[in-house]
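Presented below is the structure to which this report refers.
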Amino acid sequence: FFSRLSQSLFALFASSLAISLVFAIIPLCHNVVVLAVVLAVAGLAMGCIDTISNMQLVKIYQKDSAIFLQALHFFVGFGALLSPLIADPFLSDTNCILSNSTANASSNLPHIRKSLVPHHPGNLSHYDLPMKGMVVTRVSYAFWIMALINLPVPIAVFFLLYKEQMVPCFSSSSHPLLSADELAMETRPAEKDDLSTTVQKPHGAGGHDDLFSCCQSKNFRGASYAYFAVHVTGALVLFMTDGIVGEYSGFVYSYAVEEPLSVVHKVAGYLPSLFWGFITLGRLISIPVSYRMKPATMVFINVVGVLITFLLLLIFSYSVVFLFVGTASLGLFLSSTFPSMLAYTEDVLQYKGCATTVLVTGAGIGEMVLQLLVGSIIHDRGSYSFLVCGMIFGCLAFTFYLFLLFFHRMYPKPSSGIDDASPDKPAVTDDTGQYQR
């Protein structure tokens, strides 16, 4: 539904506004079912934002999109690093709920945490956690602060809609905020100065023909198997790498505090922050690097680096120092995988747009599924399986990338009617986002 600019901006406005509303409502949820529904709405909104932002950058900037994708995902990592720091001052060091009998029970919390391992569930019966009493936590303020921080985003999107004269209730006499020449970095006909028609021109008068352009069967007629294979293998690489990001950030703390490392809880708590910090740093470094290096080369370095890092983590599994070094290294190598793979795959498919949706979906599914899988394996096999799973996922990511390179060689080159010598020439003449051959 986001193939046109107006649809994308309206969806972006609604999704970003929904996130602020959800964060404001979360502290008011006193029922787990209501909380689950609210979080589901937040996940849906974040998925829309992720898809729209990546897809529109690819469609607008095309061959120049790699740099902008790296910048986009730098801010994704920066937000993931910043939000825990905002929440930290409002987290309670004691029980969130205190009763008269357990007002002084805060000293038991480290022992309770130490007991929260799969192999010793019986130890929990020794501690009485109060469910009723005086609420002492101030974590609600963290959610409300995040809601306020996010509020300028829907305001900015609405301003862009207004300047592009896409808001029905308001009429603007000023020119559009951004011209097509400035956005696409290419020469556009003078008569097509409206962004909504130059970048994404509706296929029909009513605009209904292009709503499902990515999945219309007529667009796949005559497509070679390499066409579908590039989509699938690209999505599988991101399925594995984004899954590694999710499972490593989610379980590295649990791995560190258990034997044989037995890291102090407070020290182990720095590992996820270190991981996300180096992801953010890696994405910042990747912005200038992507200007000089091809996306395919960057993805190759990333997947090989992830594989080598997990191998060394397995070899030095008894070293606490190398766990921190390996966490930082893994963050660096995983940092630019998603934007580089997105730029590479869209370059192979000549920037038709819908491949972005496939890749974003594959990455999201991987981040969800692999966390569930690794969590269940750690529960049954112990903490060492955490690194073994990461090694297996890294090997699979490298294998799928080799398949992607193979299918890239099999994929037909662009038609001779397009001037391949000029990097500024658009690879696709149809702006509806449809796959055509």
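The values are calculated or read from the model by the stated rules, or taken from the named source; none is laboratory data. In this text, all values refer to a predicted model and were calculated from it rather than measured experimentally. Cβ sites come from the backbone with ideal geometry, for glycine too, and all protein chains shown count toward neighbours. Surface areas here come from the heavy atoms of the whole protein model, side chains and all, with no ligands, DNA or RNA. Shrake-Rupley method; radii C 1.70, N 1.55, O 1.52, S 1.80 Å.
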>> At 1.4 Å probe size, put MET293, MET368, MET240 in order of accessible surface, largest to smallest.
In response: MET368, MET293, MET240
>> Checking the a/c ratio against 1.5 first, then a/b against b/c, what shape does the Cα gyration tensor give for segment 224-413?
In response: prolate
> Heavy-atom accessible area per residue, segment 224-413, 1.4 Å probe: how many Å²?
Replying inline: 41
> What net charge do the residues around GLU367 carry, taking every other residue with its C-beta under 12 Å from that of GLU367, with Lys and Arg at +1 and Asp and Glu at -1?
Replying inline: -3
> Got a number for the accessible area of TYR162? Probe 1.4 Å, square angstrom, nearest 10.
Replying inline: 80
> Sorted by accessible area (1.4 Å probe), largest first, how do THR356, THR51 line up?
Replying inline: THR51, THR356
>> Assuming 0.36 nm per residue, please report the length gained on full extension of the stretch ALA36 to VAL320 beyond their Cα-Cα distance.
In response: 98.6 nm
> Over the heavy atoms of LEU72, what accessible area does a 1.4 Å probe trace out, to the nearest 10 Å²?
Replying inline: 40
> What accessible area, in Å² to the nearest ten, does a 1.4 Å probe give for VAL360?
Replying inline: 10
>> Compute, for segment 224-413, the length of the dipole vector about the Cα centre, with Cβ point charges of +1 (Lys, Arg) and -1 (Asp, Glu) only. Units Debye, rounded to 20.
In response: 560
> Any idea what the relative contact order of segment 224-413 is, in percent, if you count C-alpha pairs under 8 Å spaced at least 6 apart?
Replying inline: 45
>> Can you sort TYR318, TYR344, TYR225 by solvent-accessible area, 1.4 Å probe, largest first?
In response: TYR318, TYR225, TYR344
